[in-house]
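S.K.: Quick one: the structure is below, and I'll ask about it shortly.
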């Protein structure tokens, strides 16, 4: 019983530290505002508006590009922000929208 509980805790900790962006999510490219200029959005991006750098699969065209705003690279996926697989994109959009409202 104790071993099963410890294994479960280790799995959660592993998910928290090794979380990767979910394909087709892009919540962090839609929900928050971005005040710095973006290629195609010289005045930044308003909250709730998809970034123009998103492609048809909701992937960032500027990923790995020096023109990508630093704030974009600083926002890393986490269980707290993204939720788990069952909660999915809707959870992340809600979390980031609440964060945006609390900080604007």
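The values are calculated or read from the model by the stated rules, or taken from the named source; none is laboratory data. None of the values given here were measured: they were computed from a predicted structure. No Cβ is skipped: glycine too gets one built from the backbone with ideal geometry, and neighbour counts run over all protein chains shown.
S.K.: Within the stretch 40-50, which residues are without any contact (Cβ under 8 Å) to a residue 24 or more places away in the chain, surrounded by 13 or more Cβ atoms within 10 Å (Cβ to Cβ) and either within 11 Å of the chain's Cα centre (by Cα) or in a loop (DSSP other than H, G, I, E, B) (or both)?
M.R.: Within the stretch 40-50, the subset without any contact (Cβ under 8 Å) to a residue 24 or more places away in the chain is 40-46, 49.
With surrounded by 13 or more Cβ atoms within 10 Å (Cβ to Cβ) added as a condition, the list becomes 41, 44-45, 49.
Answer for the stretch 40-50, where residues must be without any contact (Cβ under 8 Å) to a residue 24 or more places away in the chain, surrounded by 13 or more Cβ atoms within 10 Å (Cβ to Cβ) and either within 11 Å of the chain's Cα centre (by Cα) or in a loop (DSSP other than H, G, I, E, B) (or both): 44, 49.
S.K.: Before we move on, is residue 62 within 14 Å of the chain's Cα centre (by Cα), touching a residue at least 24 places away in the same chain (Cβ under 8 Å), surrounded by 11 or more Cβ atoms within 10 Å (Cβ to Cβ) and not in a helix (DSSP H, G or I)? Show your work before the answer.
M.R.: Details: within 14 Å of the chain's Cα centre (by Cα): no; touching a residue at least 24 places away in the same chain (Cβ under 8 Å): yes; surrounded by 11 or more Cβ atoms within 10 Å (Cβ to Cβ): yes; not in a helix (DSSP H, G or I): yes.
No: the conditions fail for residue 62.
S.K.: Determine, yes or no, whether residue 96 is in a loop (DSSP other than H, G, I, E, B), touching a helix residue (DSSP H, G or I) at 6+ places or on another chain (Cβ under 8 Å), modelled with pLDDT of 90 or more and surrounded by 15 or more Cβ atoms within 10 Å (Cβ to Cβ). Break it down stepwise before answering.
M.R.: Values: in a loop (DSSP other than H, G, I, E, B): no; touching a helix residue (DSSP H, G or I) at 6+ places or on another chain (Cβ under 8 Å): yes; modelled with pLDDT of 90 or more: yes; surrounded by 15 or more Cβ atoms within 10 Å (Cβ to Cβ): yes.
It is false that residue 96 is in a loop (DSSP other than H, G, I, E, B), touching a helix residue (DSSP H, G or I) at 6+ places or on another chain (Cβ under 8 Å), modelled with pLDDT of 90 or more and surrounded by 15 or more Cβ atoms within 10 Å (Cβ to Cβ).
S.K.: For the stretch 21-28, state whether one or more residues are exposed (fewer than 12 other Cβ atoms within 10 Å of the Cβ) and modelled with pLDDT under 95. Even if it seems obvious, please write down each step before you answer.
M.R.: Step one: of the stretch 21-28, the residues exposed (fewer than 12 other Cβ atoms within 10 Å of the Cβ) are 23-24.
Filter once more, so that each one left must be modelled with pLDDT under 95: 23-24.
Yes, there is a match, as at least one residue in the stretch 21-28 is exposed (fewer than 12 other Cβ atoms within 10 Å of the Cβ) and modelled with pLDDT under 95.
S.K.: Report, by residue number, each residue of the stretch 79-93 that is outside any helix (DSSP H, G or I) and surrounded by 11 or more Cβ atoms within 10 Å (Cβ to Cβ). Before the answer, list the steps.
M.R.: Step one: filter the stretch 79-93 for residues outside any helix (DSSP H, G or I), giving 83-87.
Scanning the stretch 79-93 gives 83, 84, 87.
S.K.: If you don't mind, another one. Taking the stretch 69-100, which residues are under 17 Å from residue 35 (Cα atoms) and free of Cβ contacts under 8 Å to residues at least 24 places away in the same chain? Outline the logic, then answer.
M.R.: Here is the first cut: in the stretch 69-100, the residues under 17 Å from residue 35 (Cα atoms) are 69-75, 96-97, 99-100.
Matches in the stretch 69-100: 73, 74.
S.K.: Just to be sure before I move on: is residue 37 surrounded by fewer than 16 Cβ atoms within 10 Å (Cβ to Cβ) and modelled with pLDDT of 90 or more in the structure I sent? Break it down into steps so the answer makes sense when it comes.
M.R.: Working: surrounded by fewer than 16 Cβ atoms within 10 Å (Cβ to Cβ): yes; modelled with pLDDT of 90 or more: yes.
When the stated conditions are applied, residue 37 passes them.
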